[in-house]
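The block underneath contains the structure these notes are about, expressed in structure tokens.
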Amino acid sequence: MSAAHVTLRGVTKVFPASDGGPGVHALGPIDVDIKKGEFFAVVGPSGCGKSTMLELLAGLTVPSEGRVEFEGKPIRGIPDGVGVVFQEDACFPWLSVQGNVEFGLRRSNLDAAEKAARVAAAIRMMGLSDFARAYPAQLSGGMRQRVCIARTLVVQPRLILLDEPFGALDQQTRLLMGDEVLKLWRETGATVFLITHALDEAAMLADRIGVMSARPGTLIDVVETNWPRGRDSRIVERENFGALTSRLWKSLRDESMKTMGRMGI
Amino acid sequence: MTTVRIYQVVVIAAFVALLEALCLMGFIDKITMPPPHIIARDFYKLIVGRRYFHEIGQSMINVLIAFGSAFVIGVITGTVLHAYRRAREVMDPLFATYYAIPIFAFYPLFIMIFGLGDGPQVLIGYMLGVVAVIVTILNGLDRVPRVLKKTAMIGRLSPFETAWRVTLPFCAPFLLTAAKLALAYAFIGVIGSEFIMARSGMGYEIGHAYTNFDNATMYPLILLLLLISIVANGLLSAWEKRLLARRGQA
């Protein structure tokens, strides 16, 4: 790991109200540096602005204040070298697995042979070689999410943004998908930014975990996991894994209560 | 053949057999309707003798032009309106009340503008279909998951590419429904207009045969019209079914 790959400095996001009234202060101020090749996770209560933070990094929205930088350059529009995997099923149902993965390279200047090789490699990497001609409707939820990951990987991103990518999957599949993501992270050397509701998922996958407050979301704690880079889902068996998730919950509990209170629960 | 298909064939065969029996037993007189086997014979003669082929061809070309223009213009208009919310809000009341407007009432006006050629028939077929296509496309585009649009943005697709590569392919089942509606309205508009005021075409020939009690011409032409319409719709439905099956929605 080396210098800051991603920087958020004094970043806030206020969504304007449709009736001209005061806007909704959704996020910030946020200050954080993410190192090159780091696996950084963010946990926080519902509605704290986690997804907004990811959308800022993806260039899907712009900050109201502050600056967001990737590789030392401010993010304006969709940055080159960034891939996103969303929580929702983002497979194109009219395309086969191969067609979905190829879609990632639609705008690339690679020649046909190189494109085909990259697509085949991404499909193989996600263990979908036997299903290259299948359509998403023929696959399980976990396999569809792997198709989306393969579509992201095929562009060889230097920053991978994961927006609760396993949220719709069962616990077993989530653990196995976590292993896949860790393997990819090691093999590609990309920086990974993960948003999740699941504390154990963040604790298992990340090098550092940012804990966010209730809206407007700010980072109230950043926890180092100190796991080895070669880890996998068996890390949950470690004695200090429970202590780590307990610490995350301790930081998060009051904020979650605030959110619940706001929701009138 | 599936069980459902067998039942469908049995129901149609039973209906034709019932008509045949009613005609032969005199419950339906010959001037009103000849027995189905006579219609089939006259239909065969019409096809083999290539009678009215020029009129049939003329009507079908007009139907195709009305259908094609309603579909293409409807899809483009629907896609553009979906991108501009304010424009859609302006147009929504027109779409909601459009089918309360008796478009056939404008026929004399169209004749004054376009003359007695094929223009008025095609225009009515087009006008009947185009709004149905726009409304169906808008309905389909409303259902495109936001995550697919975000995926298109991440892929840095232009608005045109997003429509061409993502939103319209997602709406393919709606496009096929729109195509079926446009086709049905094109038949109604073109053939209906020919009935009223045209000097040629299938609708005119059916109307002419009707006023002359020429059942040997009228029923085979109606049968041919039915067959063309059913086959065209059947092909679109089969395509739709295949597409939905691929998406696990059949």
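The values are calculated or read from the model by the stated rules, or taken from the named source; none is laboratory data. The shown structure was predicted, so the numbers you read here are calculated from the model rather than taken from an experiment. In this analysis, Cβ positions are derived from the backbone assuming ideal geometry, glycine residues included, and neighbour counts consider all displayed protein chains.
A few comments on the model shown:
- A:Gly178 vs. criteria of a type in the set (Gly, Ala, Ser), surrounded by 18 or more Cβ atoms within 10 Å (Cβ to Cβ) and either modelled with pLDDT under 90 or not assigned by TED's automatic domain parsing to the domain that holds A:Asp254 (or both): yes
- B:Arg156 vs. criteria within 30 Å of A:Arg76 (Cβ to Cβ), assigned to a helix (DSSP H, G or I), within 14 Å of another protein chain (Cβ to nearest Cβ) and free of Cβ contacts under 8 Å to residues at least 24 places away in the same chain: no
- Here B:Ile28 fulfils each of the conditions (1) assigned by TED's automatic domain parsing to the domain that holds B:Ala132; (2) touching a Leu at 6+ places or on another chain (Cβ under 8 Å) apart from (1).
- Candidate set: the range A:214-235, residues that are among the charged types (D, E, K, R) and either in a strand (DSSP E or B) or in contact with a strand residue (DSSP E or B) (Cβ under 7 Å, 6 or more places away or on another chain) (or both); chosen: the one surrounded by the fewest Cβ atoms within 10 Å (Cβ to Cβ): A:Glu224
- Lone qualifier among B:Ile6, B:Ile38, B:Ile56 - being in the same structural domain as B:Gly203 (by TED's automatic domain parsing), among the β-branched types (Val, Ile, Thr) and over 24 Å from the mean Cα position of the chain (by Cα): B:Ile38
- So B:Ile137, is it part of a helix (DSSP H, G or I) and farther than 16 Å from B:Val80 by Cα: no
- When B:Thr151 is tested against the conditions (1) crowded, with 22+ Cβ neighbours inside 10 Å; (2) closer than 16 Å to B:Ala83 by Cβ; (3) within 14 Å of chain A (Cβ to nearest Cβ), the lone failure is (2).
- When A:Gln172 is tested against (1) assigned to a helix (DSSP H, G or I); (2) surrounded by 15 or more Cβ atoms within 10 Å (Cβ to Cβ), exactly one condition is not met: (2).
- Residue in the range B:131-151 that is in the same structural domain as B:Lys241 (by TED's automatic domain parsing), free of Cβ contacts under 8 Å to residues at least 24 places away in the same chain and among the hydrophobic types (A, V, I, L, M, F, W, C) present: yes
- Contact annotation: residue pairs with Cβ atoms under 9 Å, 6 or more positions apart or on different chains, pairing a residue in the range B:96-116 that is surrounded by 11 or more Cβ atoms within 10 Å (Cβ to Cβ) with a partner that is part of a helix (DSSP H, G or I) and at pLDDT below 85, are B:Phe104/B:Ile196; B:Tyr107/B:Ile196.
- Residue within the range A:137-159 that is within 14 Å of chain B (Cβ to nearest Cβ), without any contact (Cβ under 8 Å) to a residue 12 or more places away in the chain and not small (Gly, Ala, Ser) present: yes
- Residues being farther than 27 Å from B:Phe114 by Cα and either aromatic (Phe, Trp, Tyr) or crowded, with 22+ Cβ neighbours inside 10 Å (or both) - total across the range B:195-220: 5
- Among the residues of this structure, A:Phe103 counts as one that is more than 16 Å from the chain's Cα centre (by Cα) and outside the structural domain of A:Glu201 (by TED's automatic domain parsing).
- Note on the range A:155-169: residues that are more than 22 Å from A:Glu102 (Cα to Cα) and crowded, with 18+ Cβ neighbours inside 10 Å total 3.
- Those residues of the range A:126-176 which are over 19 Å from B:Lys150 (Cα atoms) and touching a Cys at 6+ places or on another chain (Cβ under 7 Å), in sequence order: none
- Hits in the range A:184-199 - residues which are of a type outside the set (A, V, I, L, M, F, W, C), outside any strand (DSSP E or B) and at pLDDT 90 or above: A:Arg186, A:Gly189
- Hits in the range B:13-39 (condition: of a type in the set (Gly, Ala, Ser) and assigned to a helix (DSSP H, G or I)): B:Ala13, B:Ala14, B:Ala17, B:Ala21
Condition check ((1) more than 10 Å from chain B (Cβ to nearest Cβ); (2) within 22 Å of A:Val24 (Cβ to Cβ)) across all residues:
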{"site": "A:Thr61", "(1), (2)": "yes, yes"}
{"site": "A:Gly99", "(1), (2)": "yes, no"}
{"site": "A:Glu102", "(1), (2)": "yes, no"}
{"site": "A:Arg107", "(1), (2)": "no, no"}
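- The one condition from (1) surrounded by fewer than 18 Cβ atoms within 10 Å (Cβ to Cβ); (2) in contact with a Gly (Cβ under 6 Å, 6 or more places away or on another chain) that A:Gln138 does not meet is (2).
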